[in-house]
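One structure below.
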Amino acid sequence: MTDYKKEFMNCLQSIEYGRNNYDIFQDFLALATLSFHNVIAKDEKVEKEYLKIISKYKNNKKFPELLAITTSALDEKMQDFLGDIFMSAGFGNVRGGQFFTPYHLSKMIAECTFNDDVMKQQIEEKGFFTLSEPCCGAGGMIIALSDIMLQKGFNPQTQMRFTGIDIDLKCCQMAYIQTSLLGLRGQIYHGNTISMEMWKRFITPMSIIPLAA
């Protein structure tokens with residue numbers, strides 16, 4: 001089995017020696033988010049922001065490689081790949097109490113709370129099951145539920161609509177990138193779940209594609 005986490009970190013570290021890995025990771029998240037976001041609605045401001053970030057790097061062809069590695073990792077198995085990278089590389093805000101739930105625990109929680117009857121009822125009534133994740137982190141719980149849905153014979157790409165919220169923009173970007181790559185339909189809000197202030201919304205590309213009749 002390919003060690004995608006090692007591949008990712010090796011690629012990240014090779015982009016520009018001397019530059020902080022955390023800063024490079026942040027720029028990767030921003031670039032990938034802007035790329036997906038621009039699929040939804042072409043915006044000159046988004047393109048300018050993308051060019052502003054990418055122009056800082058001479059070896060900027062490595063950024064698509066990071067996205068390709070992420071895609072391959074998620075394609076091989078359902079997981080919170082970017083969340084794992086974020087925490088294992090020490091990018092998390094430990095002083096602020098930022099700890100992501102390990103994926104195996106997220107999957108266990110999803111399995112314990114999964115209710116076939118409720119899901120079937122929602123799908124019969126609305127055509128899809130809804131999921132709200134008020135503190136989504138990198139999207140681990142959304143991915144874990146999708147994983148369990150597949151195991152139970154459901155299709156999360158067509159039978160689930162999710163909404164995720166997080167106060168940390170980096171978390172929103174990771175969740176948005178991963179759910180977009182997994183072809184899930186939903187939206188991620190950069191906002192405060194307690195005060196219900198919402199500053200930015202990211203809609204996954206799959207959300208704008210109509211389902212076949």
Item to check | Spans of helices (runs of 4 or more DSSP H) in the range 135-213 with at least 1 residues under 21 Å from Gly92 (Cβ atoms) | outcome: 140-151, 169-181
Item to check | Condition broken by Gly18, with the remaining ones in (1) on the phi > 0 side of the Ramachandran plot; (2) assigned to a helix (DSSP H, G or I) satisfied | outcome: (2)
Item to check | Filter result for the condition that a residue is within 11 Å of the chain's Cα centre (by Cα) and of a type in the set (D, E, K, R), over Lys170, Lys152 | outcome: Lys170
Checklist outcome for this item: Ile142 passes all but one of the listed conditions (1) touching a residue at least 40 places away in the same chain (Cβ under 8 Å); (2) surrounded by fewer than 16 Cβ atoms within 10 Å (Cβ to Cβ); (3) touching a strand residue (DSSP E or B) at 6+ places or on another chain (Cβ under 6 Å); the exception is number (2)
Checklist entry - Looking at Phe129, is it more than 23 Å from Thr2 (Cα to Cα), surrounded by fewer than 18 Cβ atoms within 10 Å (Cβ to Cβ), of a type in the set (Phe, Trp, Tyr) and more than 14 Å from the chain's Cα centre (by Cα)? => result no
Checklist entry - in contact with a helix residue (DSSP H, G or I) (Cβ under 9 Å, 6 or more places away or on another chain) and not aliphatic (A, V, I, L, M), is that true of Ser72? => result yes
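Rule-based calculations on the coordinates, nothing more; no lab input. In this text the structure is predicted, and so the values were computed from the model without any measurement. Ideal geometry is used to build each Cβ from the backbone, glycine not excepted, and the neighbour counts take in all protein chains shown.
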